[in-house]
Every structure is written in C-alpha cells, then in structure tokens.
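Worksheet for the structure shown next.
The values are calculated or read from the model by the stated rules, or taken from the named source; none is laboratory data. None of these values were measured; they are calculated from a predicted model. Heavy atoms of the whole protein, side chains included, go into the accessibility calculation; ligands, DNA and RNA do not. Shrake-Rupley method; radii C 1.70, N 1.55, O 1.52, S 1.80 Å.
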Amino acid sequence: WDAIVHLASVVGVDCVVADPERCRAENQRGFDAFAIVLEDQGRSAGVWAASTSEVYAEQALPLSESACLRSESQGRHAYAASKLYGEQRLAQATQGQATLLRFFNVVGPNQSAGQGMVLPRFVGVHVKARR
C-alpha cells in the first residue's frame, strides 16, 4: 500500500453518552488493530488518521494545534480520551510519522439528529422554526 486513511470510530454524541465505555473500547480496539498491522509490516509512511477537535481542553477561541489537550476521560469525554489514545498509539507504531487530522464538525451521508450529529440537529431546528 502507498497510503492508509483511518476514519473509523463510534460516531454521534448520543451514542457516546449512551455507552461511553463501549465507545472507548471500540475506538481503542480499532486503533490497536491498525497499529499492530503497521508494526508487523514495519511501515510508518503514508498513514493518515482521523482524530477530533474534542481532544482540546475547554479554552478561549480560536484554538491552535498546540492548545492544551483534554484530561477528562469519563462520560462523553470517553470519546476524546479514546481518540487521544489512538493518536498516541499510531505515533508509537509509526515512529511519529503518522499524519493526525483533528476534525471539528464532520458532515456526511446518513447522519441523523438522533445520533447527536450537529448539522442534522441544526437543520431540524431551522426547519421546525420555519413552520
């Protein structure tokens, strides 16, 4: 392979809040499996992995890439903790060569407000307000 893009994760705030430990376990298991393959193949270049802006601690905006990271790991912060774990695991597996992308609000097909996704919620609120 020339490149791998890892985007897998439990998604949606409501899914995380409903079962934070399942979220943490599934996300960490995915990162571990990915890292093991990289280590077994001795590969470090061409790895791009999704993380999240949730890893940043509460602070004044705008954020910079060097902003303080979140230390909480319980409840809804289990998601952020699992993503920080993944960043560290992939950095270790690739000797710091992985490119980590910290997305803010990701939008894609099949998202629903019922999952806690922000854009479908905003659209739903706007549509209801116009009626």
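Things to note:
- Measuring nothing but how far apart in sequence close Cα pairs (under 8 Å, 6+ apart) lie, relative to its length, the chain scores a relative contact order of 32 percent.
- Antiparallel DSSP beta bridges within the chain, as percent of all bridges there, nearest 5: 10 percent
- Accessible-area composition of the chain, carbon plus sulfur, in percent [1.4 Å probe]: 56 percent
- Protein heavy-atom accessible surface, 1.4 Å probe, per residue over segment 1-80: 58 Å².
- The 3J(HN,Hα) values that the Karplus relation (6.51, -1.76, 1.60; θ = phi - 60°) gives for segment 18-29 are, in residue order, 5, 8, x, 6, 5, 4, 4, 4, 5, 5, 5, 4 Hz. Gly and Pro appear as x.
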